[in-house]
Amino acid sequence: MPDGALKRLETEANQPAARLYGEVNWIGLWTLTRREIMRFMKVPTQTVLAPLVSTILFMLVFLLAMGTQRGGSVPGGNYGAFLAPGLIMMGLLSNAFANSSSSLIGAKMQGNSVDFLMPPLSASELTAAFIGGAAFRGIIVGLASAAIAVPFAHVTVAHWWAIFYFGLCAAVCFGALGLIGGIWAEKFDQLAVITNFIITPLTFLSGTFYSIQRLPAPIAAFSHFNPVFLIIDGFRYGFIGHSDSNLAISTPVIGALTVGMVVLCWLVLRSGWRMKA
């Protein structure tokens, strides 16, 4: 055998065999998901403790201002039990949004997007990893807030299914919204536009701190089309057993919205919009 052919055979024999991943690259998916989780777990004071402190302060300020008993001003008359689920959900969805959006915008500004664009990860795997990490952070913050707010306000549980369903939908939906925002924005100033002009107004007009029945008719009517209101109202129903919306409508609407946001993220990542030079 010629020396050249023998050397080629030796070279090919020493090369590692190509790794086969099958339909799903489970190793890559788990690695990226773990990276997204460890991003916020490394700074728990900022990502978990700070939202927890905010929840406690909101509870103290509003309960001191409004009192735990407000008669007919809120369903059931117990303002603390009414307020707690809204604050828990507010912390959950805002942190789910923050995790995925900050990950994408940080990667863009630091120029290390290649870390997750070059590995053999499909658009579906990228979508699952980023949204999964964001949802995990939102749920962790929600559980931590509940551990403080629920005993403090003497809240009981009326319907577990509503707590799990609306909590999970909120974490996934706002994790997906954060992913879209992080892909769209080129710097943190642009990302703040979404937070300040979309999320904050929708949150404060969602009945987090009050029953929307107290709002003027035009604003109360608008609130029924506010997805944040539908999420918080459904989540609160799981605790106090009362809702201001029609759950037969809001439950499938929130489910469809969550699925739609995930599909939108997949389409955007598959297209490479604002991700590939």
message: Between 0 and 90 degrees, rounded to the nearest ten: what's the tilt of helix 247-271 against the longest Cα principal axis of the chain?
response: 30 degrees
- request: With only Lys, Arg, Asp and Glu charged, each at its Cβ (+1 for the first two, -1 for the last two), find how big the charge dipole of the chain is about the Cα centre; round to the nearest 20 debye.
  value: 260 debye
- request: On the full set of protein chains, 1.4 Å probe, figure out the accessible area of Ile198 and give it in Å² to the nearest 10.
  value: 80 Å²
query: Residue separation times 0.36 nm, minus the C-alpha to C-alpha distance between Trp30 and Ala248: what's the value?
result: 74.9 nm
message: If I take every Cα pair under 8 Å that is 6 or more residues apart in segment 167-277, average their sequence separation and divide by the length, what percent do I get for the relative contact order?
response: 36 percent
- line: Given a 1.4 Å probe, the accessible area of the chain per residue, as a whole number of Å², is 51 Å²
- line: Kirkwood calc, the chain, C-alpha pairs only, radius in angstrom 20.4 Å
query: Considering only protein heavy atoms, what is the solvent-accessible area of His154 at a probe of 1.4 Å, reported in Å² to the nearest 10?
result: 150 Å²
By accessible area with a 1.4 Å probe, ligands and nucleic acids excluded, highest first: order of Ser113, Ser54: Ser54, Ser113
Accessible area in the full protein assembly, largest first, 1.4 Å probe, for Asp189, Asp233: Asp189, Asp233
- prompt: Over the chain, what is the relative contact order in whole percent, taking alpha-carbon pairs under 8 Å and six or more residues apart?
  reply: 24 percent
- line: Summing -39500 (n - 2.57) over every DSSP H run of at least 4 residues in the chain and dividing by its residue count gives a helix-only mean residue ellipticity at 222 nm, to the nearest 500 deg cm²/dmol, of -23500 deg cm²/dmol
- request: Could you tell me what fraction of 2.2 N^0.38 Å the Cα radius of gyration of segment 211-277 comes to, as a two-decimal ratio?
  value: 1.49
field: Residue (of Trp273, Pro75, Met261) at the positive-pole extreme of the chain, dipole from beta-carbon charges
entry: Pro75
message: Springs between alpha-carbon pairs under 10 angstrom, Gaussian network model over the chain: which of Gln46, Gln110, Gln213 fluctuates most?
response: Gln110
task: Among Pro227, Pro151, Pro216, determine the one that fluctuates most according to a GNM of the chain built with springs between C-alpha atoms less than 10 Å apart.
output: Pro216
nm² value of the averaged projected area, convex hull over the Cα atoms of segment 94-233: 10.1 nm²
- line: Reported to the nearest 10 Å², Lys187 has, with a 1.4 Å probe, an accessible area equal to 100 Å²
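The values are calculated or read from the model by the stated rules, or taken from the named source; none is laboratory data. Since this is a predicted model, take the numbers as computed values, not measurements. No Cβ is skipped: glycine too gets one built from the backbone with ideal geometry, and neighbour counts run over all protein chains shown. For the accessible areas, the whole protein counts, side chains as well, though only heavy atoms, and no ligand, DNA or RNA atoms are used. Shrake-Rupley method; radii C 1.70, N 1.55, O 1.52, S 1.80 Å.
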